[in-house]
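Notes to accompany the following structure.
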Amino acid sequence: MEKELYTITVFSENTVGLLGQITIIFTRRALNIETLSVSPSAIKGIHKFTITVFTTSEVVSKVVKQIDKRIDILKAYYNTDEDLIHQEIALYKVATDKILQQGSIEELIRKYHIRVLEMNKDIIVFQKAGHYAETQQLFEELSETIGVLQFIRSGRVAITKSKVERLSDMLQAIKKYETQE
Amino acid sequence: MKITGSKAIIESLIQEGVDTIFGYPGGAIMPTFDALYDYDDQVKHILTRHEQGATHAAQGYARVSGKVGVCLVTSGPAATNAITGIADAMLDSTPLVVITGQVGAALLGTDAFQEIDVVGITQPITKWAYQIRRAEDIAWAMARAFYIARNGRPGPVVLDLAKNAQFQEVDFEYKPCTFIRSYIPVPKPNPSQIELAAQLINSAKKPYALVGQGVVLSGAEKELMEFLEKADIPAAWTLLGASAMSTDYPLNKGFLGMHGNVSPNMKTNECDVLIAIGMRFDDRVTGDLNTYAKQAKIIHLDIDPAELNKNVRADAPVLGSAKQTLPAITQLLKPAKHTEWIESFDVYDKKENDIVVRREVYPATGELTMGEIIHKISEATHNKAVVVTDVGQNQMMAARYSNFSQTRSLVTSGGLGTMGFGIPAAIGAKIGAPERTVLMYSGDGGFQMTIQELGTILQEQIGVKMIILNNHFLGMVRQWQEMFFEERYSFTKMKNPDFITIAKGYGIEGYEVSKREDLDNAIADMLKDDKPYLLVANVEMKGMVFPMIPAGGSVTDILLGDEGDKNDNSEPEVILEESILNA
């Protein structure tokens with residue numbers, strides 16, 4: 001079966017040790033997590049994990065069910081890139097003198113839509129947001145030309161293209177269930 | 001009114017209806033044991049001889065009674081000793097609440113004496129693991145623990161209880177947990193899947209049901225019979241589904257899996273609709289998935305969404321409790337008769353009977369066999385006993401040759417296959433079902449893995465009837481060595497102690513039997529009263545469990561062993577010839 005990149009989205013209660021519970025499910029199947037980002041979601045008290053993993057649809061569906069099964073997980077689902085608007089953010093630190101020797105910063109900024117976050121006599125820090133390939137392309141260009149002192153890229157954040165918000169639907173269903181009980 | 005956290009733990013147990021717990025005291029749980037001292041008349045504590053024993057005893061208790069088994073142990077090594085039982089309960093869906101002591105919150109993370117990351121260690125092998133660091137959380141966490149352990153697909157919960165929380169005083173108010181927003185234990189059945197399942201069954205010529213523990217856990221034994229009878233569906237059971245149907249139930253076609261009966265395995269690849277009920281297509285049942293039931297439409301009923309389409313893709317996955325989904329499907333079934341299909345099982349049954357069963361159960365000469373002992377004891381207990389097993393040949397023989405007349409009658413370590421499960425699980429089973437005879441079959445190997453629990457039997461005078469099927473070998477491993485490792489018996493031969501003398505040391509009466517003519521009397525003597533008893537049966541050293549589907553083989557690749565002399569060492573052969581396969 002063909003492997004591709006899947007984005008797993010997990011909504012959970014904000015309790016201690018949840019990340020561990022999620023990661024061991026990947027470990028058991030010897031799956032590498034490509035990227036991971038965790039933050040509070042739009043709903044108070046609920047955290048959101050965005051995980052990318054390179055695998056088959058069969059494996060990702062089983063992994064997601066096993067994540068969803070954990071008691072403190074509200075909802076887990078997965079998507080491929082075509083369902084998603086997604087973004088990563090990257091920071092690049094370069095030496096100021098090298099970049100001045102090189103010539104134009106303007107050209108770089110125009111070509112890559114980068115922002116300058118910090119500039120002093122020693123270093124300049126650029127920020128670029130985009131897909132992996134885009135942030136990577138800038139990294140490669142800078143590495144080849146002036147060298148990159150430090151580079152960091154965030155995990156992916158993603159939002160679905162569909163109109164349906166699965167979590168709010170689910171929370172509504174839960175509310176209904178709760179009042180029935 | 002304020003009470004200590006320790007007292008709050010015990011009060012919570014009482015609120016949950018717990019009257020028996022299994023445990024072992026130690027440093028970090030001492031305040032709770034101190035509180036327990038005043039509740040002797042309400043909560044009976046069984047002191048096992050090892051924390052592993054406490055967990056297996058709690059499992060045995062839970063498996064026969066349907067109640068939550070509770071363990072109370074200290075931190076560090078006690079918690080790690082409990083791991084095997086917790087993992088066993090996870091794989092076999094047994095409801096447990098295991099409370100482990102923990103160092104005080106101020107010492108957490110400092111490698112304090114007997115500190116170990118219990119939550120971290122147990123997260124992969126529990127339904128829920130939680131650390132209680134302050135007394136205010138006790139009532140909430142206890143209520144949630146019991147709710148999670150017993151609802152939906154049951155399983156073990158670990159509560160790691162910091163010492164300071166046991167000392168702290170707290171306003172105790174107990175509110176049972178009835179709802180967790182992130183966990184829906186019993187999903188509502190989807191009517192379209194129910195309809196689809198009924199349609200498939202209604203159009204089936206050769207429907208066939210596989211019965212797992214889900215039927216027992218949801219208490220759907222009656223619903224199962226109504227379902228099977230309405231559409232005249234033959235059924236077989238997994239190891240953990242044993243006794244969900246009584247042995248003499250006409251639609252009960254026997255035991256599935258590696259050492260199961262021939263017809264239930266063969267028919268898996270002949271049926272046209274396969275209905276799996278509360279079972280999880282374990283590899284010991286399915287063998288090679290690439291050749292498993294490929295001709296059949298698959299209906300899979302399970303309460304756990306993660307089980308659906310995990311190993312076998314279902315044409316009709318039916319999510320929900322068997323207690324609800326079975327009657328919902330039954331309602332839509334057309335009454336049918338499948339006489340010819342059901343009778344077609346007979347040819348395999350006869351073959352198995354002729355080649356395997358007769359020799360194992362009714363040997364005329366030679367040494368005692370495991371099967372004949374189990375068969376005789378089953379008869380002597382009128383098929384009413386709770387049968388607890390250890391793991392290995394004794395386990396497979398007990399499952400094959402015990403007859404069952406009521407549900408929750410086989411307690412065995414299925415998923416984890418834990419040697420040493422037998423003695424402590426039998427202790428728990430006897431406490432959970434005191435009015436029933438509890439038999440415990442073990443090999444000489446497994447018996448010695450938790451032999452110290454004889455001390456628990458001595459102290460509590462637990463009337464379990466223990467039978468060691470002694471072949472002086474780690475029999476199942478030896479069987480594999482004979483069959484697949486060119487008889488290279490690498491470290492499977494055992495020099496055993498005098499088990500009778502050991503039992504005597506624990507005040508347990510016992511008898512060693514080697515001769516066929518003594519067997520009936522030995523069994524009668526064992527069953528004469530309700531006291532603990534050890535019967536050591538010296539059986540043939542190289543006994544084999546047949547039929548056997550070699551690991552990874554197809555469910556139709558069944559070895560029946562050789563037909564001739566037992567001492568003949570020739571290779572076991574596949575007996576099912578083409579003519580039989582096509583019969």
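Read the figures in this text as sums done on the coordinates, not as results from a lab. A quick note: this is a predicted structure, and the numbers were derived from the prediction, not measured. With ideal geometry, Cβ positions are generated from the backbone for all residues, glycine too; neighbour counts draw on all protein chains shown.
Using only Cα atoms and rounding to the nearest 10 degrees, what angle (0 to 90) does helix A:18-28 make with the longest principal axis of chain A?
90 degrees
Using a basic spin-label model with each label point 7 Å from the Cα along Cα→Cβ, how many nm lie between B:SER405 and A:LYS3?
5.8 nm
Given the pairs A:LYS111/A:LYS161; B:LYS7/B:LYS44; A:LYS98/A:LYS121; B:LYS267/B:LYS334; B:LYS44/B:LYS504, which are separated by over 19 angstrom at their Cα positions?
Flagged as over cut-off: A:LYS111/A:LYS161; B:LYS267/B:LYS334; B:LYS44/B:LYS504.
Short version: ³J(HN,Hα) in whole Hz for each residue of the range B:14-28, in order, from phi by Karplus 6.51 cos²θ - 1.76 cosθ + 1.60 (θ = phi - 60°), x for Gly and Pro, what are they?
Couplings: 5, 4, 7, x, 7, 10, 9, 9, 10, x, 7, x, x, x, 6 Hz.
Between B:GLU195 and B:THR80, what's the calculated FRET efficiency when r is the beta-carbon distance and R0 is 51 Å? Round to 0.05.
It comes out at approximately 0.55.
Could the peptides B:64-71, B:206-213, B:328-335 be put in order, highest first, of the mean number of other beta-carbon atoms found within 10 Å of their residues? Please report the intermediate quantities before stating the final value.
On the way: B:64-71: 23.4, B:206-213: 26.0, B:328-335: 16.6.
Result, highest mean Cβ count within 10 Å first: B:206-213, B:64-71, B:328-335.
Once both axes come from the Cα atoms, what is the angle between helix B:138-150 and the longest principal axis of chain B, in degrees from 0 to 90, rounded to 10?
Once rounded, the angle reads 0 degrees.
Under 5 Å between amide hydrogens, which residues at least 5 positions from A:LEU74 or on another chain qualify, with H placed 1.01 Å from N in the peptide plane?
A:PHE11, A:SER12, A:GLU13
So how far apart, in nm, are the two label points at B:LYS337 and B:MET30 if each is 7 Å from Cα heading toward Cβ?
Between B:LYS337 and B:MET30, the simple spin-label model gives 7.5 nm.
What nm distance separates the two modelled labels at A:GLN137 and B:GLN42, each placed 7 Å from Cα along Cα→Cβ?
Here the modelled spin labels are 7.1 nm apart.
Highest mean first, what order results for B:264-276, B:45-57, B:242-254 on Cβ atoms within 10 Å?
Ranking, from highest mean packing down: B:45-57, B:264-276, B:242-254.
I need the calculated FRET efficiency for the pair B:LYS188 and B:GLN114, taking r as the beta carbon distance and R₀ as 45 Å, to the nearest 0.05. Intermediate values should be presented prior to the final figure.
Working: r = 45 Å, r/R0 = 1.01.
Efficiency computed from Cβ-Cβ geometry: 0.50.
If you take each beta carbon of peptide B:173-181 and count the beta carbons of other chains within 10 angstrom, what is the mean? Display every interim value, and only then the final one.
On the way: counts 0, 0, 0, 0, 0, 2, 4, 4, 10.
Per residue, the average neighbour count from other chains is 2.
For B:GLU453, what is the net charge nearby, where nearby means another residue's Cβ is under 13 Å from its Cβ and Lys, Arg count +1, Asp, Glu -1?
-1
Residue-wise, which Karplus ³J(HN,Hα) couplings in Hz belong to the range B:345-350, taking 6.51 cos²θ - 1.76 cosθ + 1.60, θ = phi - 60°, and x for glycine or proline?
5, 4, 4, 6, 4, 5
Out of all Cα-Cα pairs in chain B, roughly what percent, to the nearest whole number, are more than 37 Å apart?
35 percent
Mind checking the full-extension length gain between B:ALA105 and B:LEU289? Use 0.36 nm per residue of separation minus the Cα-Cα distance, one decimal, nm.
This chain segment gains 61.4 nm when fully extended.
Have a look at the DSSP beta bridges in chain B and tell me what percent are antiparallel, nearest 5.
10 percent
What is the calculated FRET efficiency for A:THR56 to A:LEU91, with r their C-beta to C-beta distance and R₀ = 41 Å, to the nearest 0.05? Kindly include the intermediate steps, with their values, before the conclusion.
Working: r = 33 Å, r/R0 = 0.80.
The value I calculate is 0.80.
Looking at B:GLN481, B:TYR362, B:LEU239, which one has the Cα that reaches farthest to the positive end of the dipole of the protein assembly as shown (charges on Cβ: Lys, Arg +1; Asp, Glu -1)?
Projecting each Cα onto the dipole axis, the largest value belongs to B:LEU239.
Only bridges whose two residues both fall in the protein assembly as shown count here: according to DSSP, what percent of them are antiparallel, nearest 5?
45 percent
Please average, across the residues of B:119-127, the number of beta carbons from any other chain that are within 10 Å of each residue's own beta carbon, and give a whole number.
Working: counts 4, 4, 0, 0, 6, 6, 0, 2, 3.
Shielding by partners across B:119-127 averages 3.
Can you give me the angle between helix B:422-432 and the longest principal axis of chain B, using Cα atoms only, in degrees from 0 to 90, rounded to the nearest 10?
For helix B:422-432, the angle is close to 70 degrees.
Write out the trypsin sites (Lys or Arg not before Pro) in the range A:117-155 meeting two conditions: DSSP loop, and at most 15 other Cβ atoms within 10 Å of their Cβ. Each step should come with its number before you reach the end.
Values: sites: A:LYS121, A:LYS128, A:ARG153; in loops: A:LYS121.
Answer by residue number: A:LYS121.
Taking H as built 1.01 Å from N, whose amide H comes closer than 5 Å to the amide H of B:PHE421, not counting residues under 5 places away?
Sorted by chain and number, the residues that satisfy this are B:VAL391.
In whole angstrom, and with the biggest value first, how far do the Cα coordinates of the protein assembly as shown range along each principal axis?
Per principal axis, max minus min of the Cα coordinates gives 102, 67, 57 Å.
Using θ = phi - 60° and the Karplus relation 6.51 cos²θ - 1.76 cosθ + 1.60, list the HN-Hα couplings for the range B:401-416 in order, rounded to whole Hz, with x at every Gly or Pro.
10, 8, 9, 10, 10, 8, 6, 6, 10, 10, 10, 8, 8, x, x, 7
Among DSSP beta bridges lying fully in the range B:409-561, give the percent that are antiparallel, nearest 5. Don't skip to the answer; put the middle values down first.
On the way: 2 of 19 bridges.
Given both bridge residues lie in the range B:409-561, the antiparallel proportion sits at roughly 10 percent.
Check which residues have an amide H placed less than 5 Å from B:VAL70's amide H, if you skip close sequence neighbours.
It is B:PHE22, B:VAL97, by chain and number.
Applying a 10 Å radius around every beta-carbon, put B:524-531, B:128-135 in order of their mean neighbour count, most first.
B:128-135, B:524-531
Taking the Cα centroid of the range A:149-173 and of the range B:332-347, what is the distance between the two, rounded to the nearest whole Å?
Centre-to-centre (Cα) distance: 52 Å.
Ignore the peptide's own chain and count Cβ atoms of other chains within 10 Å of each Cβ in A:65-74; give me the average, rounded.
If you average over the peptide's residues, the count of other-chain Cβ atoms is 5.
Could you calculate the contour length gain from B:ILE14 to B:GLN452, that is, 0.36 nm times the residue separation minus the distance between their Cα atoms, to one decimal place in nm?
Details: separation 438, 0.36 × 438 = 157.68 nm, distance 2.95 nm.
Here the answer is 154.7 nm.
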